[in-house]
Amino acid sequence: QVDQLGIANTAEALTWRNRFGLQSGDFHNFKALIEVDNVNDLSDKYNSTLNGNTAYPTVLDPKVTEINRAQITWTPTETTTLTLGRQRIILDDARFVGNVGWRQDEQTYDAVRLDTTLWRVKLTGAYLGRVNRVVGDAKDWYSNSYLLNASYSVSEALKFTAFDYALRFSTAATTPLPADQTNAAASSVSINGLRAYGSDWVSSFKLNYVLQYSSEKPNGLNPAVFDLHESMIEGSATWDIYTLKLNYEALEGNGTVGFVTPLGTVHAFEGFADVFSATGGNKTFINGIDDFNTSLVIAGHTKPWAPWFMNPTLTVVYHSLKTDRLDQKIGKEWDAVLVAGITKNLSLMLKYADFDRDSITMPASRTKTWIMLNYKL
């Protein structure tokens, strides 16, 4: 359910997803997998961007049936795997390359991927021929993109990852909406960067940190001219069932375009309310986004008196947002998520997001509420 300032109607999206898959056994180091998604809207009082209900706030979960994954995997050695076909790809924390698993229609890739390990170095290389995006075939992108990701482990306390993602997108000449071609071009970028991270124990506390820096330039059919940067610092401490995290991320903007992450799982960043939606499904702002956020996670245990409420986990997040350029206050957001198992096959998730803008020049204030049941055989 979505209530958004400036839109009179409240969105109510009741959707049902069926996902069926079949995986073969191992045959001379080969395995095959096929998986189908079927998403139905039991209540269409929302704007899916495909159903024409523009009088409602947007919920990007349209009615769709498609092949989600269809892949062949070859593992010639214990340290090398080659995957060919429609597949799920998640690199690092999914900031730049992910599956957008929050949406009902998962983002997958028609790709060739090679993973190998050489001593302390892990290498991933992939060529993407198509991006199967979260709003069905009509919005998919043709791709001529390359992904390179290399990680080196000094110790558990010090690891490095370098990445280079050359992204080039286009749409079919018969694409119904010209805006889709514009979005594909605007999302064609080259991203490269470096990430340092690690964890260690201090007494009864487990400490984690992440440092990241990346740069972005136009690529392919992108007509814009820019040289933008992203930087992030994060630290967390875990004690018993509690984890406290502090995070600060800055994405630059030049007043015309902002730093974009066209293949990233954007819902996980800058707040669950998805305030900064823009071309290509990116969360971006032309003056950039500085996000200071803090979160508390409480990972509970199943109690004998509540066996139907298994391993409950509560997460509460606070975001303070401003523009990177001009230093203008955007607003603040509170998020909360509760996840628990009801049976070994059935789980429940309750989720809430409340974004409050700072001024009328900023994106509209909104609240979002989710109730999700997930059953796995």
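The values are calculated or read from the model by the stated rules, or taken from the named source; none is laboratory data. Being a predicted model, the structure only gives us computed values, none of them experimental. FYI the Cβ positions are ideal-geometry reconstructions off the backbone, even for glycines, and counts take in every protein chain you see.
Candidates are the residues of the range 97-113 that are closer than 18 Å to S143 by Cα and among the hydrophobic types (A, V, I, L, M, F, W, C); the one that is surrounded by the most Cβ atoms within 10 Å (Cβ to Cβ) is V97. Looking at (1) buried (at least 20 other Cβ atoms within 10 Å of the Cβ); (2) closer than 17 Å to R130 by Cα, which one does A94 not meet, given that it meets all the others? Among (1) buried (at least 20 other Cβ atoms within 10 Å of the Cβ); (2) closer than 17 Å to R130 by Cα, the lone unmet condition for A94 is (2). The range 1-93 holds strands (runs of 3 or more DSSP E) entirely within its bounds, and those carrying 2 or more residues that are within 22 Å of D180 (Cα to Cα) and in contact (Cβ under 8 Å) with a residue 60 or more places away in the chain map to 64-77. When the range 192-241 is examined, which residues are found to be more than 28 Å from A166 (Cβ to Cβ) and not in a strand (DSSP E or B)? Within the range 192-241, S203, S204, D240, I241 qualify.
Here is a check on your reading of the model: is R120 crowded, with 18+ Cβ neighbours inside 10 Å, of a type in the set (D, E, K, R) and in contact (Cβ under 8 Å) with a residue 12 or more places away in the chain? Working first, answer last.
Values: crowded, with 18+ Cβ neighbours inside 10 Å: no; of a type in the set (D, E, K, R): yes; in contact (Cβ under 8 Å) with a residue 12 or more places away in the chain: yes.
Judged against the criteria, R120 is not a match.
Given T238, T265, T243, which one is closer than 26 Å to T315 by Cβ, without any contact (Cβ under 8 Å) to a residue 60 or more places away in the chain and out of contact with any Ser or Thr (no Cβ under 7 Å at 6 or more places or on another chain)? Break it down stepwise before answering.
On the way: T265 fails: without any contact (Cβ under 8 Å) to a residue 60 or more places away in the chain; T243 fails: out of contact with any Ser or Thr (no Cβ under 7 Å at 6 or more places or on another chain).
Only one candidate passes the filter, namely T238.
What tally of residues in the range 347-367 results from selecting those that are among the aliphatic types (A, V, I, L, M) and assigned to a loop (DSSP other than H, G, I, E, B)? Number of matching residues: 3.
Can K344 be described as of a type in the set (D, E, K, R) and closer than 29 Å to M232 by Cα?
On the way: of a type in the set (D, E, K, R): yes; closer than 29 Å to M232 by Cα: no.
Judged against the criteria, K344 is not a match.
The condition of being in contact with a helix residue (DSSP H, G or I) (Cβ under 8 Å, 6 or more places away or on another chain) and surrounded by 13 or more Cβ atoms within 10 Å (Cβ to Cβ) holds for only one of D164, D180, that being D180.
Exactly one residue out of D291, D327 is surrounded by 17 or more Cβ atoms within 10 Å (Cβ to Cβ) and of a type in the set (D, E, K, R): that is D291. Only residues that are crowded, with 16+ Cβ neighbours inside 10 Å, out of contact with any strand residue (DSSP E or B) (no Cβ under 6 Å at 6 or more places or on another chain) and of a type outside the set (F, W, Y): list them for the range 219-259, please. Those that are crowded, with 16+ Cβ neighbours inside 10 Å, out of contact with any strand residue (DSSP E or B) (no Cβ under 6 Å at 6 or more places or on another chain) and of a type outside the set (F, W, Y): G220, N222, G253, N254, V257, G258. Scanning the range 302-322 for residues that are assigned to a strand (DSSP E or B) and not small (G, A, S) turns up M310, N311, P312, T313, L314, T315, V316, V317, Y318, H319, L321, K322. Just so you know, in the range 55-106 the residues that are of a type in the set (A, V, I, L, M) and on the phi > 0 side of the Ramachandran plot include one that is modelled with the lowest pLDDT, and it is V100.
Quick one: is T175 of a type outside the set (D, E, K, R), assigned to a loop (DSSP other than H, G, I, E, B) and either modelled with pLDDT of 95 or more or over 20 Å from the mean Cα position of the chain (by Cα) (or both)? For T175, the condition - of a type outside the set (D, E, K, R), assigned to a loop (DSSP other than H, G, I, E, B) and either modelled with pLDDT of 95 or more or over 20 Å from the mean Cα position of the chain (by Cα) (or both) - is met. Put simply, of G271, G258 the only residue that is over 30 Å from A340 (Cβ atoms), touching an Asp or Glu at 6+ places or on another chain (Cβ under 8 Å) and of a type in the set (G, A, S) is G258.
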